[in-house]
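Below is one structure, written out as structure tokens; comments come after it.
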Amino acid sequence: MPKQVILGAHFPGVNNTTVWSDPRSGSHIEFESFRRFAQTAERGRFDFLFLAEGLALREQRGHIHDLDVVGRPDTLPVLAALAGVTEHLGLVGTINATFNEPYELARQFATLDLLSQGRAGWNVVTSSDAFTGRNFRRGGYLPREQRYGRAESQVTANRHLWDSWDQDAVVADRESGQFRAGRDGDFAYSSDFFDIHGTFNTPRPTQGHPVIFQAGDSDDGREFAARTADAIFTGHGSGDDGRAFYRDIKGRLARYGRHPEDLKILPAASFIVGSTDEEARQISDTVRRQQVSGQTAQLILERIWNRDLSGFDPDGPLPDIEPESHPGALVQGRVQHVKDPAAEVARLRQLAADKNLSLREVAIEISARQNFVGSPETIADALIESVETGVSDGYILVPHITPGGLDDFVDHVVPILTQRGALRSEYAEGSTLRDYLALGGARSATAWEAGSAAGLAELAGHDVTERRASA
């Protein structure tokens with residue numbers, strides 16, 4: 001029997017992967033879209049639904065464009081509403097660890113887990129840019145190098161709050177009339193970022209702790225995940241690149257007293273299903289052109305040139321001006337800038353010359369391709385092979401149409417995965433998200449802290465040894 005393929009469903013709204021102009025695209029705001037998407041994922045026996053969130057709208061040239069989600073409702077209320085129209089599907093939400101407080105987040109995720117009977121997950125992200133921070137009282141106060149320190153402290157504080165109640169803390173016996181809640185909920189937690197104490201007023205979550213996801217990719221982010229997370233949402237999802245990331249992350253776990261199966265690697269993946277491989281390739285080409293309009297092509301290349309390119313014809317040649325070497329205020333928000341703009345522009349000019357490409361065609365060429373393109377059999381084979389060969393433990397699928405983008409996958413690929421034993425045929429009654437991901441019971445906050453301290457001490461020892469060796 002092949003390994004089980006973990007499947008998440010990412011509701012993308014409107015961003016750089018979606019085609020909002022397609023007649024089949026619906027609202028990314030109305031609840032009906034979320035309901036349909038979630039129930040389709042549950043019909044396909046997916047493990048969870050995944051919602052992203054941004055605390056500020058990205059801007060380019062001072063304008064908001066269709067490269068980012070606009071007007072998305074708040075994550076946690078959407079997930080709470082979806083708990084009422086689904087029975088089994090996990091519900092994972094992205095919530096920022098930089099601009100939220102532990103008591104508030106612990107209550108919200110404990111509530112979601114209780115309402116959904118153990119289906120909640122938290123994707124922990126960070127932010128250090130002042131553009132986002134200006135929406136909050138503290139502004140952009142947090143230096144970049146401290147963002148994972150606060151995030152880890154945030155998660156640890158939440159775990160202490162969740163642990164402050166025993167699972168059977170409340171006794172309410174109708175026959176005897178006895179009611180007892182004891183002193184459960186008392187907590188105290190102090191770190192460089194938080195100094196809190198009091199009484200937590202929400203009973204222990206059904207899972208003990210909601211499942212913790214993490215999405216960072218820097219070395220600090222990877223180490224943070226190895227210490228703290230149950231699953232990683234990543235972009236490393238294919239071939240040798242995915243296997244290298246998989247080995248790297250799994251190899252970091254032992255120093256924290258963890259095993260490879262304790263942390264699931266779940267890349268984002270886009271897909272195109274066709275009746276044949278050739279039809280799927282043709283659809284893929286069409287979708288990629290839909291995703292990169294002339295205006296979008298200008299915006300994509302502006303992030304490389306660091307200049308306003310709105311005056312250049314998208315169907316003409318690449319700009320003949322040189323890039324700015326240092327990013328300015330052209331792009332506001334969380335955007336990865338090119339480290340060496342001059343070298344990248346030289347590469348793109350060579351690409352355009354070799355293939356006789358216009359500005360827009362270059363943008364299409366360098367934009368992300370769909371990860372899985374082919375017939376249902378081809379995609380099922382590729383998913384199973386990726387999990388069997390250590391590329392990932394599964395995938396978080398990102399369709400290009402909202403909310404009906406999962407339909408072809410669920411109708412045509414899921415039956416093949418089920419037939420081949422790589423996906424459950426039914427949900428097990430009473431299972432939690434932890435059960436779906438084979439994570440075992442939640443470790444206590446003190447156990448997490450002990451593992452983290454031991455691993456950090458080991459890392460510090462390695463650093464000292466390396467410095468002595470280099471000296």
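The values are calculated or read from the model by the stated rules, or taken from the named source; none is laboratory data. Note that the coordinates shown come from a computational prediction; the quantities given were computed from them, not determined experimentally. With ideal geometry, Cβ positions are generated from the backbone for all residues, glycine too; neighbour counts draw on all protein chains shown. Please note that ligands, DNA and RNA were not included when accessible areas were found on the heavy atoms of the full protein model with its side chains. Shrake-Rupley method; radii C 1.70, N 1.55, O 1.52, S 1.80 Å.
For this structure, a couple of remarks:
- Segments classed as helices (runs of 4 or more DSSP H), wholly inside the range 335-409, with at least 1 members that are crowded, with 23+ Cβ neighbours inside 10 Å: 359-366, 376-388
- Yes/no for Leu114 being over 24 Å from Leu263 (Cβ atoms), open to solvent by less than 10 Å² (accessible area, probe 1.4 Å) and either in contact (Cβ under 8 Å) with a residue 24 or more places away in the chain or not in a loop (DSSP other than H, G, I, E, B) (or both): no
- Of all residues making up the range 82-111, the number that are surrounded by fewer than 17 Cβ atoms within 10 Å (Cβ to Cβ) and touching a helix residue (DSSP H, G or I) at 6+ places or on another chain (Cβ under 6 Å): 1
- Of the residues screened, Asp217 is not one that is of a type in the set (Asp, Glu) and open to solvent by less than 20 Å² (accessible area, probe 1.4 Å).
- Contact map, the range 368-383: residues that are without any contact (Cβ under 8 Å) to a residue 60 or more places away in the chain paired with residues that are among the aliphatic types (A, V, I, L, M) and open to solvent by less than 30 Å² (accessible area, probe 1.4 Å), Cβ distance under 7 Å, separation 6+ or inter-chain. Pairs shown: Glu377/Ile416; Ala380/Val413; Ala380/Ile416; Ala380/Leu417.
- Yes/no for Ala41 being crowded, with 18+ Cβ neighbours inside 10 Å and either outside any loop (DSSP other than H, G, I, E, B) or out of contact with any helix residue (DSSP H, G or I) (no Cβ under 9 Å at 6 or more places or on another chain) (or both): yes
- Selection of the range 237-286 for residues being farther than 30 Å from Ala457 by Cα, among the hydrophobic types (A, V, I, L, M, F, W, C) and buried (at least 20 other Cβ atoms within 10 Å of the Cβ) yields Ala268, Ala269, Phe271, Ile272, Val273, Ala280.
- Sub-6 Å Cβ pairs linking a first residue in the range 134-157 that is in a helix (DSSP H, G or I) to a second residue that is at pLDDT below 80, at least 6 apart or interchain, are Arg144/Ser128; Arg147/Ser128, ordered by first then second residue.
- Helices (runs of 4 or more DSSP H) wholly inside the range 220-324 that include at least 1 residues being more than 29 Å from Ala353 (Cβ to Cβ): 239-251, 277-291
- Taken together, the residues in the range 322-334 that are modelled with pLDDT of 75 or more and open to solvent by 50 Å² or more (accessible area, probe 1.4 Å) amount to 3.
- Residue in the range 91-99 that is in contact (Cβ under 8 Å) with a residue 12 or more places away in the chain, among the aromatic types (Phe, Trp, Tyr) and farther than 30 Å from Asn306 by Cα present: no
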